[in-house]
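Colleague: One structure, as structure tokens, below. Some questions next.
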């Protein structure tokens, strides 16, 4: 059974979640495309969307419909070719509606695992918790095709362990989409020595069909993306701890967030990124990594305290950022959480934040933020100039940034040395594609 | 050639802002005024310029596709709302695709020439930003021959028809100078629009529109032979003008010096069911222009101002040749020599034209007449050009579809 045959009956488990909904959308488009192709004539395509909440599934259908509609509108030229033989479809609008209708007709939402009955390929995107995944996939296995393939959207849990515990005999791969899956180009694919060769091949083909760039990662907890991100975050929190020297957290956290965003020319500060991912998700990944990679310092009291106090970050249903390490108003950070005070400390440009900025010192002359450089073809030259200025600067900001840059590089190099990534290029590809960094961690900017 | 059997004047011109992408205050997701707002604003502004609105005998609305863009047909019956004096008087809406505005003026002129009216309010209107571009393209494709052309047509149906005309023209007369002349057309449209606060491109601050317009056409992203700068944009707007006989002017209480006189009123129809014989020529445009000039007793060299239907830059070039200002294939040097510029020998589209002022399809023909009246009565403000005795005539060309419904007027000062 080839990939296309398997996709005729597919299922997404955890379909209404943040990652699941994006995966569901990508698959809806692909199944609709297959259904409307000459080979798809007369076949029945079904994409089971399984989740625990009826309400969430309802919301998912609305989301998929609106997104498929947008996509159809933006590709009317292709639809005019696709529907060239349909005499009843003449106008752009008629073709768009027909495509959306055909796409929606493949969806089978259900709160019951039996909704996935007979599925030949299963996409799992539930919360990043190993026990939960094992329990759920074990139950899913009772309903789907006995020979089904499993694509698990884990960002940290070793695939080999899941394969053994679920007795899948190599019928599972890590298919790690980046958030949001419908937009992010990067897909980390994790295989083990037991993975079926045909599944590995099909994974690459499917990623291509979904418009993704695949970076292969080996089966070591955290893989490449989180292998770097988690350690990068721990460095920032550790550096803040050292910076405060027993004093106030607020200024130190504020400084590390600014240094990581401005001095390192990243799209967002590291604390904001942890909030975006979710403090609880960060903690879960950290626990998984610590379990599989003990005695490597993969633990963080600060994160534990926040998680216990339900300072969790993540997004509201409308996509806006929830308060985490930072507090947000209209998408901008306005305060930082101080675990000793047990409360947020509001930014005060005339007071402590102004003082922290003064201590960091000025950015190098000609500094341009990430936003200004991202579309600049000569960004490499600009970055080289920026970092060579940092190397000779005595400012606190420059020193923190250089220390950060070196740590980030060391993390990247260790991922290659430890066999998580096959090459420095793969590490850099994950950070530039999945995290939108302008440069990979393994670079010459450290001097 | 028939002459006008009695004098007709145009007066009381009014335009709303021509709104859409390009205007600073435009945001696709913010609510906007609907079609009724535009009709009322333009009509009221026009009527307020006459002392005695009771002298209005009829009203005409030119509109292309409000029934689809706005789900509102029956626009004639909105005129009594704009002007209470029109209640229980004849009002109607006329349609001829993007030539609807010109047809509305024709309808008013016919009423006066037949002695059925002495003063007629004309409003042209279209509100197109109600739908996204790909749906708007469906609606505008109604100006083509649906049963024959639409199924095999492009996503952007009309731009594609004119892209093909451009391709045929490049083939026949050379591409390089033609592309440069199309860019020159765009740049002049933008520069003229910057003098016109009601123009859609009034806020355009591009420091080098000629370079911008030289962007290489890309069939994958848009079309093979033209780029987006070669196209007029999607616009909302309305224009109004009053047509009157000599007696009508007096009854309205409008001084002759505030009116311009029609020297010619011309209309020609092409055959919707046929493709053009030579896509590098606008035959129906040539026919209507020669008819209008003959009626006015004028030559192209007598024109001191031109209002051309530049829905696309290539259409502007083809129109110059159809009118006879340039020989076939010679529009490029005509433009590149600066003859059509604001300070040239015959300024073209001094308020920006369809590309600069905007193209609310049903409004355009009325807008052109209103602009000629403003110019000939010295009321064009920053857009005022000098129309001397050597070239006393202003002429408009308003086109519906792909050279199918053509309307042309020649006006002169009183």
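Colleague: With the cut-off at 29 Å, report for the stretch A:225-434 the share of all Cα pairs above it, as a whole percent. Could the numbers behind the result be given before it?
Modeller: Details: 5424 of 21945 pairs.
Taking all Cα-Cα pairs of the stretch A:225-434, the fraction more than 29 Å apart is 25 percent.
Colleague: Most fluctuating residue of A:120, A:139, A:377 in a GNM of chain A with Cα springs under 10 Å: which is it?
Modeller: A:377
Colleague: On a 0 to 90° scale, report how tilted helix B:176-193 is relative to the longest principal axis of chain B, with both axes built from alpha carbons and the result rounded to the nearest 10.
Modeller: 40 degrees
Colleague: Still on this structure: Calculate the radius of gyration of the Cα atoms of chain A to one decimal place, then report Dmax, the largest Cα-Cα distance, as a whole number, both in Å.
Modeller: Just the Cα atoms of chain A yield Rg and Dmax of 23.4, 75 Å.
Colleague: Another question about this same structure. Between residue A:423 and residue A:299, what is 0.36 nm times their sequence separation minus the Cα-Cα distance? Round to one decimal in nm. If you can, show how the numbers build up before the last one.
Modeller: Details: separation 124, 0.36 × 124 = 44.64 nm, distance 2.66 nm.
Gain on extension, residue A:423 to residue A:299, equals 42.0 nm.
Colleague: Could you line up A:260, A:333, A:395 from fewest to most neighbouring Cβ atoms inside 10 Å? Don't skip to the answer; put the middle values down first.
Modeller: Numbers: A:260 26, A:333 21, A:395 16.
Taking fewest neighbouring Cβ atoms as first place, the list is A:395, A:333, A:260.
Colleague: Working only with C-alpha atoms, what are the Rg and Dmax values of the protein assembly as shown, expressed in angstrom?
Modeller: Cα-based Rg and Dmax for the protein assembly as shown come out at 33.9, 103 Å.
Colleague: Let me ask something additional. Can you work out the base-10 log of I(q)/I(0) for the stretch B:34-121 at q = 0.10, 0.19, 0.20 1/Å, using the Debye formula on its C-alpha atoms alone?
Modeller: -0.23, -0.85, -0.93
Colleague: Two decimals is fine: what is log10 I(q)/I(0) at q = 0.12, 0.17, 0.19 Å⁻¹ for the stretch A:321-447, from a Debye sum with one equal scatterer on every Cα and no solvent?
Modeller: -0.64, -1.13, -1.21
Colleague: For helix B:100-113, report the angle its Cα long axis makes with the longest principal axis of the Cα atoms of chain B; keep it between 0 and 90° and round to the nearest 10°.
Modeller: Once rounded, the angle reads 30 degrees.
Colleague: Another question about this same structure. Neighbouring Cβ atoms within 10 Å as the yardstick, rank B:83, B:91 fewest first.
Modeller: Working: B:83 24, B:91 21.
With the sparsest Cβ surroundings first, the list reads B:91, B:83.
Colleague: Separate question: Restricting to DSSP H runs of at least four residues, report the calculated mean residue ellipticity at 222 nm for chain B, -39500 (n - 2.57) per run over all residues, nearest 500 deg cm²/dmol.
Modeller: Working: 14 runs with 138 residues, N = 414.
Result for chain B: -9500 deg cm²/dmol, rounded to the nearest 500.
Colleague: Something else: Which of A:44, A:345, A:144 moves most in a GNM of chain A, Cα contacts under 10 Å?
Modeller: A:44
Colleague: Could you state the number of Å between the C-alpha centres of the stretch B:389-407 and the stretch A:383-447?
Modeller: If we compute the Cα centre of each part, the gap is 65 Å.
Colleague: Taking N as the number of residues in the stretch A:223-277, what is its alpha-carbon radius of gyration divided by 2.2 N^0.38 Å?
Modeller: On the way: Rg = 11.2 Å, N = 55, 2.2 N^0.38 = 10.1 Å.
So the Cα radius of gyration is 1.11 times the expected 2.2 N^0.38 Å.
Colleague: A further question on this structure: Find how many whole Å separate the alpha carbon centroid of the stretch B:209-272 from the alpha carbon centroid of the stretch B:89-156.
Modeller: Here the two parts' Cα centres lie 12 Å apart.
Colleague: Okay, moving on. State, as an integer percentage, the relative contact order of chain A based on alpha-carbon contacts under 8 Å between residues 6 or more apart.
Modeller: Details: 747 pairs, mean separation 55.6, N = 447.
Dividing the mean separation by the residue count of chain A yields 12 percent.
Colleague: A follow-up question, please. With a 10 Å Cβ neighbour count serving as the proxy for reagent exposure, in which order, fewest first, do A:195, B:377 appear?
Modeller: Working: A:195 23, B:377 19.
So the ranking, lowest neighbour count to highest, is B:377, A:195.
Colleague: A follow-up question, please. Points 7 angstrom from Cα along the Cβ direction at residue A:406 and residue B:77: gap in nanometres?
Modeller: The answer from the label model is 8.3 nm.
Colleague: Still on this structure, please answer the following. For chain B, take the longest principal axis of its alpha carbons; what is the angle in degrees between that and the long axis of helix B:35-47, to the nearest 10 within 0 to 90?
Modeller: The helix B:35-47 is inclined about 50 degrees to chain B.
Colleague: Sticking with this structure for a sec: In a Gaussian network model over chain B where Cα atoms closer than 10 Å are linked, find which of B:386, B:404, B:51 has the largest mean-square fluctuation.
Modeller: Greatest mean-square fluctuation among the candidates belongs to B:51.
Colleague: Here is a follow-up. Where both residues lie in the protein assembly as shown, what percent of DSSP beta bridges are antiparallel, nearest 5?
Modeller: Details: 48 of 89 bridges.
Of the beta bridges lying entirely in the protein assembly as shown, close to 55 percent run antiparallel.
Colleague: What is the ratio of the Cα radius of gyration of the stretch A:3-217 to 2.2 N^0.38 Å, where N is its residue count, to two decimals?
Modeller: Numbers: Rg = 17.0 Å, N = 215, 2.2 N^0.38 = 16.9 Å.
Taking the Cα Rg and dividing by 2.2 N^0.38 Å, one obtains 1.00.
Colleague: Now a separate question. Based on DSSP, what percent of beta bridges with both residues in chain B are antiparallel, to the nearest 5?
Modeller: Details: 35 of 51 bridges.
Roughly 70 percent of the beta bridges in chain B run antiparallel, per DSSP.
Colleague: Further, regarding this structure: What whole-number distance in Å separates the alpha-carbon centres of the stretch A:1-43 and the stretch B:284-319?
Modeller: Result: 57 Å between the Cα centres.
Colleague: Which percentage, to the nearest 5, of the DSSP beta bridges contained in chain A is antiparallel?
Modeller: Details: 13 of 38 bridges.
About 35 percent, rounded to the nearest 5.
A short reminder: the numbers here are calculations on the coordinates, not readings from a lab. As the structure is a prediction and not an experimental result, all values here were calculated from the model. No Cβ is skipped: glycine too gets one built from the backbone with ideal geometry, and neighbour counts run over all protein chains shown.
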